[in-house]
Number of protein chains: 2
Amino acid sequence: MAVTIRDVAGASGVHVSTVSRTFSAPHLVNAATRTRVLAAADELGYRPSRVARALTTGRTHNLGLIVADIANPFFPPLIKAAQAGARSRDYHLFVADTDENPQVEEELIQTFAKQVDGVVLCSPRLSNKAIGRLREDVPFVVVNRRIEGVAAVLMDVGQGARQAVEHLRELGHRRVAVLTGPAGSWTGAEMCAATAAAPGLDLTYLGPNAPTENGGRSAADAVLAAGATGVLAYNDLVAMGLMDELAARGVRVPGDVSVIGVDDIVTGRHTRPRLTTIAMPTAAAGRTAVDLLLREQAGTITLATTLVVRESTAPPPPHTPSAATDPAS
Amino acid sequence: MAVTIRDVAGASGVHVSTVSRTFSAPHLVNAATRTRVLAAADELGYRPSRVARALTTGRTHNLGLIVADIANPFFPPLIKAAQAGARSRDYHLFVADTDENPQVEEELIQTFAKQVDGVVLCSPRLSNKAIGRLREDVPFVVVNRRIEGVAAVLMDVGQGARQAVEHLRELGHRRVAVLTGPAGSWTGAEMCAATAAAPGLDLTYLGPNAPTENGGRSAADAVLAAGATGVLAYNDLVAMGLMDELAARGVRVPGDVSVIGVDDIVTGRHTRPRLTTIAMPTAAAGRTAVDLLLREQAGTITLATTLVVRESTAPPPPHTPSAATDPAS
DNA sequence: ATGAAAGCGCTAACAT
DNA sequence: ATGTTAGCGCTTTCAT
């Protein structure tokens, strides 16, 4: 087997507890002996066993991160930041993927429970009640969900949505459609609530839509039927699907209709036209979630979102029905 | 604290070792007692401590996965598949990110060593020698690198590159440029070796290039100067950067020059024109690497790659210099 | 400042 | 088939 604390004790002529102390409470050991122990440890290539340490202390120095789908471009920046945050404090990060399955989510939390000091749960599919129950097994931080008594990191989509819709208004749009997401989505609800009272605009809410490109494609009919010249889509994927379908029908973006997405996933930066979108602070969210977890402080942190204007938004065409009611054109 | 094996023993009137056996070697315990123990365990909400188990058995049931950059679109499908493979065998997966830093890579391996049963090392930046040394601390599987005596999963870029170049030839191209990657890249070397002997083609190797969009952009001059009508880029990012720069100069893709990437990252599916590329079997690689690790069998597995023809390749323009020397046009 | 001893939760011989 | 016992590598009182 590997070299243990006992080998180091033998080599440096002290008791194991002294070796233990040199690593976990260096200030409690005489500088001279400390040097001697460290030298012996280095010589033998000793590294404390995190497993054994975990067994005695009850703290594993591991964290868990659970997302719906690792390959969904929304998550990797969050995962990366969470990992970096964990590592900078000498924590290791388990990453797992539920494949959008609430049952897998629950199992994962339970098996993680014994092996981590906390878990970051992103956009959970589990019910609030189930999460409340699981909270007794392991500390949580939830991302993009509000649950009574559970620490949370929220991304302020509402604010971004307001900005987006205002951007459309400034461009001269009057009739704008909001493509809502799947029923029960927290971010979807936020978007609706935030835009409902937008001044000077004629809003229509179209949905629910699947949060995918196909969801966006299927929404094209409704968008056209609504006579909207501006669209705020549930997310970038939906926006991209919509743009695709619109292009297929000869409707120009942004010439005929302007499209705004949400998330700022990397793929949206390469579409033609490049997608205007509400950037979600995913990296900050990952970092913050880990922060919160390690401070063991409850509370909710809300992160700002930013409208990134690229090429998929422009003034509406001069002769649209909605523009006709507007003498300004 | 949580409920332990001892609580279950008490509740079901058997000795702890019997409880232990019902979980780790059920066939060694009487069906009746097993049921009783299981009932008690369930009642109390007992879950074996993986940490304690690891300490006695020496096997943690954890795996580590180390990549250069989690947010690089090349990796998430690999991570996802590795995670799924691990989980299906009741292993948990640590994921870490080296930020392209070999030193971080080494530290990560060392801290993982005590806490995992093996690590998957993707496209390592560490020297072969360093990796060989580290191999004594923990079992490895390396992805996309060939190291004496280390189990490896390789993606056969050479084969894909041959296909790509043949595709260009069939289209009628004669003068093609290969954009090599950073010096020392295994995949880059494979691409060169595989294409060098391509029949009926006039190959130029341009590089080294940074494996990024900027790398592709900077290569535009050389490509044009070489008079190439077809380009095989080191990866999709390079291909995308090149297409961008070409477009900025009024050179049409694929009208004037055809471009082929490598990797099939998700962003390449949304460019205009959509990128023709050599698809790397990243998901299969992740799954296979975990397989190999858990079987503890050395050996090298080579995975096939596939040319995905989309819109960035077409016949060369009729009047290019290279076509002029070819009476066939 | 250091040593001695107990124990974290579990498994694995060995006994019965 | 089940109980007994001795650790796994470390931390943590409690002594000294």
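The values are calculated or read from the model by the stated rules, or taken from the named source; none is laboratory data. The structure displayed is predicted, hence computed values, not measured ones. Cβ: placed from backbone, ideal geometry, glycine included. Neighbour counts: every protein chain shown. The protein model used for the area step is the full one, side chains on, heavy atoms only, and it has no ligands, DNA or RNA in it. Shrake-Rupley method; radii C 1.70, N 1.55, O 1.52, S 1.80 Å.
Key figures
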{"read-out": "Distance between modelled label sites at residue A:202 and residue B:16, nm, 7 Å Cα→Cβ extension", "value": "7.6"}
{"read-out": "Percent carbon-and-sulfur accessible area, region B:5-57, ignoring ligands, DNA and RNA, probe 1.4 Å", "value": "54"}
{"read-out": "Mean projected area (nm²) of the alpha-carbon convex hull when region B:1-102 is viewed from all directions", "value": "8.8"}
{"read-out": "Among A:116, A:33, A:142 the positive-end extreme of the charge dipole of region A:23-151 (Cβ point charges)", "value": "A:33"}
{"read-out": "Taking only Cα atoms of region B:70-201, radius of gyration then Dmax in Å", "value": "17.8, 56"}
{"read-out": "Counted charge near residue B:264, where neighbours are those whose Cβ lies closer than 12 Å (Asp, Glu -1; Lys, Arg +1)", "value": "+1"}
{"read-out": "Listed residues A:41, A:161, A:219, most fluctuating in chain A (Gaussian network, C-alpha, under 10 Å)", "value": "A:41"}
{"read-out": "Global geometry of the protein assembly as shown, whether rounded, prolate or oblate, following the gyration tensor of its Cα atoms and the 1.5 cut on a/c", "value": "oblate"}
{"read-out": "Region A:246-293, Rg to Rh (Cα coordinates; Rh as Kirkwood inverse mean 1/r)", "value": "1.22"}
{"read-out": "Residues of region B:28-65 buried by at least 30 Å² on assembly (accessible area, 1.4 Å probe, chain alone as reference)", "value": "B:47, B:50, B:51, B:55"}
{"read-out": "Region B:176-329: relative contact order in percent, alpha carbon pairs under 8 Å with at least 6 residues between", "value": "20"}
{"read-out": "Distance between region A:236-295 and region A:1-77 - C-alpha centres, whole angstrom", "value": "44"}
{"read-out": "Cα-centre dipole for the protein assembly as shown with unit charges at Cβ (Lys and Arg positive, Asp and Glu negative), debye to 20", "value": "1440"}
{"read-out": "Residues of type lysines that residue B:80 reaches as a straight line, Cα spacing below 21 Å, ignoring anything fewer than 8 places off in the same chain", "value": "A:80"}
{"read-out": "In the A-B interface, the accessible area buried, summed over both sides, Å² (probe 1.4 Å)", "value": "4000"}
{"read-out": "Among A:160, A:13, A:181: highest mean-square fluctuation, GNM of chain A, C-alpha pairs under 10 Å", "value": "A:13"}
{"read-out": "Relative contact order (%) - region A:5-57, alpha-carbon pairs under 8 angstrom, separation at least six", "value": "34"}
{"read-out": "Chain B: angle of helix B:102-113 to the longest principal axis, Cα-based, in degrees nearest 10", "value": "20"}
{"read-out": "For residue B:33, inter-copy label distances in nm, listed shortest first [label point 7 Å out on the Cα-Cβ vector]", "value": "4.6"}
{"read-out": "Inter-chain shielding of B:179-192 (mean C-beta neighbours from other protein chains, 10 Å cut-off)", "value": "0"}
{"read-out": "For the protein assembly as shown: accessible area per residue (Å², 1.4 Å)", "value": "42"}
{"read-out": "Over region B:70-110, equivalent-ellipsoid semi-axes from the Cα gyration tensor in Å", "value": "21, 14, 5"}
{"read-out": "At R0 = 35 Å, FRET efficiency that the Cβ-Cβ distance of residue A:189 and residue A:311 yields, to 0.05", "value": "0.75"}
{"read-out": "Over region A:146-226: Kirkwood hydrodynamic radius from C-alpha pairwise inverse distances, Å", "value": "13.7"}
{"read-out": "Degrees separating the helix A:186-195 axis from the principal Cα axis of chain A, which is the longest one", "value": "40"}
{"read-out": "Descending semi-axes in whole angstrom, ellipsoid equivalent of chain B, from the Cα gyration tensor", "value": "53, 18, 16"}
{"read-out": "Directionally averaged shadow of region A:158-302, computed from the convex hull of its alpha-carbon atoms, nm²", "value": "8.9"}
{"read-out": "Full-extension gain in nm, residue B:88 to residue B:33, via 0.36 nm per residue minus C-alpha separation", "value": "17.0 nm"}
{"read-out": "Pseudo-label separations to other copies for residue A:315 - Cα-to-Cβ vector, 7 Å, nm", "value": "4.5"}
{"read-out": "Dipole of region B:67-116 [Lys/Arg +1, Asp/Glu -1 at C-beta], most positive-end residue of B:86, B:68, B:104", "value": "B:86"}
{"read-out": "Kirkwood Rh in Å, taken over all unlike Cα pairs in region B:5-57", "value": "11.0"}
{"read-out": "Residue B:170 versus residue A:3: modelled label distance in nm, points set 7 Å from Cα along the beta carbon direction", "value": "5.9"}
{"read-out": "Relative contact order (%) - criterion: Cα under 8 Å, at least six apart; region: chain B", "value": "17"}
{"read-out": "Whole-Å distance, taken between Cα centres, linking region B:213-229 and region B:164-184", "value": "13"}
{"read-out": "Hits among aspartates and glutamates - C-alpha to C-alpha of residue A:129 under 13 Å, sequence gap 8 or more where chains match", "value": "A:106, A:148"}
{"read-out": "MRE, 222 nm, helices only [DSSP H, n ≥ 4, -39500 (n - 2.57), over chain B, to nearest 500]", "value": "-12500 deg cm²/dmol"}
{"read-out": "Range in chain A, longest, excluding exposed trypsin sites (Lys or Arg not before Pro) [loop by DSSP; at most 14 other beta-carbon atoms within 10 Å]", "value": "A:147-248"}
{"read-out": "Acute angle (nearest 10 degrees) that the helix A:236-248 long axis makes with the longest principal axis of chain A, alpha-carbon atoms", "value": "30"}
{"read-out": "Selected from B:11, B:54, B:247 as most flexible by GNM, with chain B as the system and alpha-carbon contacts under 10 Å", "value": "B:11"}
{"read-out": "Using a 7 Å Cα-to-Cβ projection, residue B:252 label spacings across copies, nm, ascending", "value": "1.9"}
{"read-out": "Dipole magnitude (debye, nearest 20) for chain B, charges at Cβ of Lys, Arg, Asp, Glu", "value": "1020"}
